[in-house]
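All of the numbers you see were taken from the coordinates with simple rules; none came from a lab. These figures come from a predicted structure and were not determined experimentally. FYI the Cβ positions are ideal-geometry reconstructions off the backbone, even for glycines, and counts take in every protein chain you see.
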Amino acid sequence: MRKLLAQRRTYLGWVAATLIPAAFAIGLAINPPKPPEPGGPVDPDVYISLAYNSSGLVLPLIALFFSSLVLVPLLCALVAGDIVAAEDSNQTLKTVLARSTSRWQLLRAKMLATATYVLVLLVCFGLSGTVIGVLANGAEPVPLGGVPLGATGFTLGAHEIGAGSMLGRLAICLGAYAAPLLAVSAWGFLFSTLSRNSAAAIVGMLVFSFANQIIAFLPNVPESITRWLLTDQFTAWEGVLGTTVDTGALWHALLVSTLFAVPPLAVSAWWFQRRDVLV
Amino acid sequence: MLGLRKEFGRIAAVDGIDLEVPAGGVFGYLGPNGAGKTTSLRMLLGLVRPTSGSVELFGQDPAAVGVAALDGVAGFVENPAFYAYLSGRRNLHLLADMDGGRHHDRVEPVLEIVELDGRGDDKVGTYSQGMRQRLGLAAALLREPRLMLLDEPTNGLDPGGMRDMRRLVATLADEGLTVLLSSHLMNEVEQLCSRLAIVARGRIRFSGTLEELRARQHGPDHLLRVTDVVGALAVAGEVPGVRAEPTAGAAEILVTVDGPGDAARLTVALGRAGIGLLAMLPAAPSLEELFFDLTEGVERRGPTPGRCASSSPSAAPTWAGWRRR
Ligand SMILES: Nc1ncnc2c1ncn2[C@@H]1O[C@H](COP(=O)(O)OP(=O)(O)OP(=O)(O)O)[C@@H](O)[C@H]1O
Ligand SMILES: [Mg+2]
C-alpha cells in the first residue's frame, strides 16, 4: 500500500475520480436538462438529470450513471492491472520474494491495496460530486421515489427523498456500485498476475468490464441470465432510489459480485504461488 | 544442492548439481555465460522451483517450507532491482518491513558500509549501475545473514568499483559470513575464494580448493626462446630432471623441470654449449587456462584473442594455444 502511495498514477486516479463529477456539473450548467415530451417514456438518465434541477445531491449519481461503464473501470484498471505486472517488468519480484514475506502474504497485501485504492477512488468520486452538486444547486430534497419503473427502478417524482436521507442513499449507491467494480478489478488483478504485462492487463480488465456491462444492451438476453452476470449488478445501485431501498437487489449484487471475484483471486494466488521468478 | 536439475523446455539449465558449501569464507561458483549459475542461485533463493532434486539452506528447503528456509540467508541474482520511484533509503526500509520489521535500525549502518549514506535520499532511478549493485549488497546485509548468495556482484562495475566490491566481500567473509559468489571471472574467484566449484552447461566440472585446482595443472612449465633450437633440444636432453620439446613454429622450446635447480642447470648447460638464451619465461598454466579447459573441454584450441583478464602475470594470453596442447 505504501508503494501505491508513492506512485504518481495512484493520485492521478484519485484526482481524476474527483474531477469527473466536476466535469458533469460544468456540462449540465452549460446545457441544462430539458423536460421530456409529456406522455412519452422517460429514460432513467433523463429523469435523473431532471432531478438535478431541483437538488444538487443527485450530481454524483448522474456522474456515476454516465461514467460507470468505462471511465471509473479504467481508473481502477490502471492500478488493478498494474499492481502485480509492474513488479515483473521492474524485476523487483526477485528482490521482494527473497525476503521473509511469503508469496501469499505479498499477493494478499496487493489484493488489499487494490481494494483500498478502488474504495478510496469511489469515496473521492462521491464526496466531490456531493460537494460540487450542493454548491451548484443546493442540498434540497430530491424528487425521486414513487412507483418503480421496471428493472432500473427510476420513477417520476411522486415522492421526495429528504436531504439527510439522500446522503445516506448516496453512500449505499456507491457501496452497491463498489461490489461489481471490485469484482472486475479482481479480474484485472488476475490478468496482471498472469500476463506480467501492465498494458495487456489494463486493456484485458477494461474489455472484461465492458463486455459484462454491454450484455445489458443486447437484445434477447433474458433477465434470468443477466441477473447472474455482473451485468445487472452494475445497475443495482439504481434500486436504492425507489420509495424504499431495494435491499434484496443489493444483497443479490453483493452475492453475484463475490461469486465473480473469488475465482480470479483464487487462480491468481495459486498461480503466483507456483510460478518461477525468472526476471 | 542435491541432484539439482532445472529444465527450461528442452534445455537443462542446471543438470544434476550436487554441491555442499562449507560454512565460512567465500565459495566461488565459477562458470561461463549460460552455465546455470543464476538458475542455481534462483533455486537456492526459492525463486524457481527445481525440476528435480532439492536444495537445503541450513537444513531447510525453500521449495518445501517457503521463505522460512531463507532465515539467515540473503542475496541477489543478476542485477539487483529496486523501486526506481523510491529513494535508496525508502527501498531498504520497505525491505526491512518485508523482513518482519526487525531491521529498520540497520538501514543506516548498511548504507554506510556500502558508502551510499550520502545518496540515500536520492531516488534509485537516478543511481548508477555501481550504486545499484552496492544497494543490492546493502539490502542483503540488512537481513544479518549467515549465508550470502551473490550473483556476479562485480558485473558492470568499473575496475575501481570491482576492487571496492571485492574488498567489501572479503571483509564480510573475514567477519564470519559465508559467501557463495557466482562469477565468470577466474581472477576474481582466485582473489577472494579458498574453495570453488566450476560449472559448465549445468554440471559441476570441478569442486575443491584452489590448491587442488592448481595441482591439476601439468605440462611444460617454462618457455625458452633460444638462438639454436636443435642444439638446445640436444643439450636439454642431457640435463637430468629436464624434458624438452619443440614448439610448432618459432625459435622456442618448452621444457618441463622437476625443480628450480634443474632449470638453473639447464641455463648453465645452454650457455656452455654456446646457445644464447633470448628469453626464459615461467609458463605455469594460469588457473584461467585450466578454467577454459574444464569448461570448454578439448574442442577449443589455439590462441584466444580478446581475453585480457589473466590470473597470473606470467600467462601472456597469446600463449594460450601451446599451453593447452
Ligand atoms: N527463462 C529462461 N527460459 C529459458 N531458458 C533459460 C531461462 N533462463 C535461463 N535459461 C537458460 O538456462 C541456461 C543457464 O542460464 P543461467 O542464467 O543460469 O546462466 P548463468 O550461468 O547465470 O550465465 P551468465 O554468466 O550469462 O549469467 C542458459 O542456457 C539459458 O539459456
Ligand atoms: Mg547469470
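The phi-based Karplus calculation (6.51 cos²θ - 1.76 cosθ + 1.60; θ = phi - 60°) puts the 3J(HN,Hα) values of region B:91-101 at 4, 5, 5, 4, 5, 4, 4, 6, 8, x, x Hz, whole numbers, x for Gly and Pro. Could you check which residue among B:Gly125, B:Gly34, B:Gly271 shows the biggest mean-square fluctuation in a GNM of chain B with a 10 Å Cα cutoff? In the Gaussian network model the winner is B:Gly271.
Against chain B, whose longest principal axis comes from its Cα atoms, helix B:260-272 is set at around 40 degrees.
What net charge do the residues around B:Val65 carry, taking every other residue with its C-beta under 14 Å from that of B:Val65, with Lys and Arg at +1 and Asp and Glu at -1? Mind showing how you got there, number by number?
Details: positive: A:Arg103, B:Arg49; negative: B:Glu56, B:Asp61, B:Asp71.
Local net charge: -1.
Report, to two decimal places, the Cα Rg of region B:167-290 normalised by 2.2 N^0.38 Å (N = number of residues). Before the final figure, lay out the partial values.
On the way: Rg = 19.7 Å, N = 124, 2.2 N^0.38 = 13.7 Å.
Cα Rg divided by the expected 2.2 N^0.38 Å: 1.44.
Compared with the dominant Cα axis of chain B, that is its longest principal axis, helix B:229-238 is turned about 90°. Within 10 Å of each Cβ in peptide B:62-74, how many partner chain Cβ atoms are there on average? Round it to a whole number, please. The mean count of partner-chain Cβ atoms within 10 Å per residue comes to 2. Shown in residue order for region B:2-17 are the 3J(HN,Hα) couplings computed by the Karplus curve 6.51 cos²θ - 1.76 cosθ + 1.60 at θ = phi - 60°: 10, x, 6, 9, 9, 10, 10, x, 9, 8, 8, 5, 10, 10, x, 9 Hz (x for Gly and Pro). Each of B:Leu92, B:Gln129, B:Ala23 was scored by the projection of its Cα onto the charge dipole of chain B, and the greatest displacement toward the positive side belongs to B:Gln129; charges sit on the C-beta of Lys, Arg, Asp and Glu.
Pairwise alpha-carbon distances in region B:222-282 exceed 17 Å for 23% of all pairs.
When only DSSP loop residues count, what GluC sites (Glu not before Pro) in region B:1-57 have their Cβ near at most 10 other Cβ atoms within 10 Å? Don't jump to the answer; show the numbers that get you there.
Values: sites: B:Glu7, B:Glu20, B:Glu56; in loops: B:Glu20, B:Glu56.
Sites meeting the loop and neighbour criteria: B:Glu20.
Provide, as a two-decimal number, the C-alpha radius of gyration of the protein assembly as shown over 2.2 N^0.38 Å, N being how many residues it has.
This ratio for the protein assembly as shown stands at 1.43.
Only helices enter this figure: runs of n ≥ 4 DSSP H residues, each worth -39500 (n - 2.57), summed and divided by the residues of chain A, yield -22000 deg cm²/dmol at 222 nm to the nearest 500.
Derived value for chain A: Kirkwood hydrodynamic radius 19.7 Å. Basis is the mean of 1/r over every pair of different alpha-carbon atoms.
A Förster radius of 35 Å combined with the Cβ-Cβ distance from B:Ala273 to B:Ala248 puts the calculated FRET efficiency at roughly 0.90.
Compute the projected area of the convex hull of the Cα atoms of chain B, averaged over all viewing directions, and report it in nm² to one decimal place.
Values: hull surface 77.5 nm².
Answer in nm², one decimal: 19.4.
Per DSSP H run of n ≥ 4, the term is -39500 (n - 2.57); total these for chain B, divide by its residue number, and report the mean residue ellipticity at 222 nm rounded to 500 deg cm²/dmol.
On the way: 12 runs with 109 residues, N = 325.
Rounded to the nearest 500, the figure is -9500 deg cm²/dmol.
Across region B:55-142, the relative contact order, built from alpha-carbon pairs under 8 Å that are at least six residues apart, equals 35 percent. Helix B:287-296 axis versus longest C-alpha principal axis of chain B: approximately 80°, rounded to the nearest ten.
Based on C-alpha pairs under 8 angstrom that are at least 6 apart in sequence, chain B has a relative contact order of 18 percent. Between A:Leu135 and B:Thr51, the modelled labels are 6.4 nm apart [label points 7 Å from Cα along Cα→Cβ].
Computed about the Cα centre, the dipole magnitude for the protein assembly as shown is approximately 540 debye when only Lys and Arg (+1) and Asp and Glu (-1) carry charge, each at its Cβ.
With the cut-off at 16 Å, report for region B:111-197 the share of all Cα pairs above it, as a whole percent. Intermediate values should be presented prior to the final figure.
Values: 1920 of 3741 pairs.
So the pairs more than 16 Å apart make up 51 percent of the total in region B:111-197.
How far is the Cα center of region A:52-73 from the Cα center of region B:75-115, in Å? Cα centroid of region A:52-73 versus Cα centroid of region B:75-115: 45 Å apart.
Could you tell me which trypsin sites (Lys or Arg not before Pro) in region B:1-85 are loop residues by DSSP with no more than 11 other beta carbons within 10 angstrom of their beta carbon? Can you show the working numbers first?
Numbers: sites: B:Arg5, B:Lys6, B:Arg10, B:Lys37, B:Arg42; in loops: B:Arg10.
The qualifying sites are B:Arg10.
The chymotrypsin sites (Phe, Trp or Tyr not before Pro) of region A:239-279 include none that meets both conditions, a loop assignment by DSSP and at most 15 other Cβ atoms within 10 Å of the site Cβ.
Could you work out the local net charge near B:Asp122, counting Lys and Arg as +1, Asp and Glu as -1, over the other residues with Cβ closer than 15 Å to its Cβ? Don't skip to the end; give the middle numbers.
Values: positive: B:Arg89, B:Arg90, B:Arg119, B:Lys123, B:Arg132, B:Arg134; negative: B:Glu115, B:Asp117, B:Asp121.
Value of the local net charge: +3.
Each label point was placed 7 Å from the Cα along the Cα-to-Cβ direction; for A:Leu127 and B:Glu112 their separation is 4.2 nm. For A:Ile161, the amide hydrogen comes within under 5 Å of the amide hydrogens of A:Val142, A:Leu144, counting only partners 5 or more places away or on other chains and with H modelled in the peptide plane. Annotation: amide H-H contacts under 5 Å for B:Val199 (H modelled 1.01 Å from N, sequence separation of 5 or more, or interchain): B:Leu30, B:Gly31, B:Arg205.
The local environment of B:Leu2, defined by Cβ-Cβ distances under 14 Å, has a net charge of -3 under the rule Lys, Arg +1 and Asp, Glu -1. The phi-based Karplus calculation (6.51 cos²θ - 1.76 cosθ + 1.60; θ = phi - 60°) puts the 3J(HN,Hα) values of region B:127-136 at 7, 7, 4, x, 5, 5, 4, 6, 5, x Hz, whole numbers, x for Gly and Pro. Once the Cα-Cα distance is subtracted from the 0.36 nm per residue extended length, the A:Ile215 to A:Ser165 segment shows a gain of 14.7 nm.
Let me have the relative contact order for chain A, percent, based on Cα pairs under 8 Å that are six or more residues apart. Could you put the intermediate results ahead of the total?
Working: 430 pairs, mean separation 69.6, N = 279.
Once divided by the residue count of chain A, the mean separation gives 25 percent.
With neighbour counts taken as other beta-carbon atoms within 10 Å, the residues A:Val256, A:Val184 rank, fewest first, as A:Val256, A:Val184. Choose one answer from B:Leu287, B:Leu181, B:Leu168: the residue with the largest mean-square fluctuation in a GNM of chain B with alpha-carbon springs under 10 Å. Residue with maximal mean-square fluctuation among B:Leu287, B:Leu181, B:Leu168: B:Leu168.
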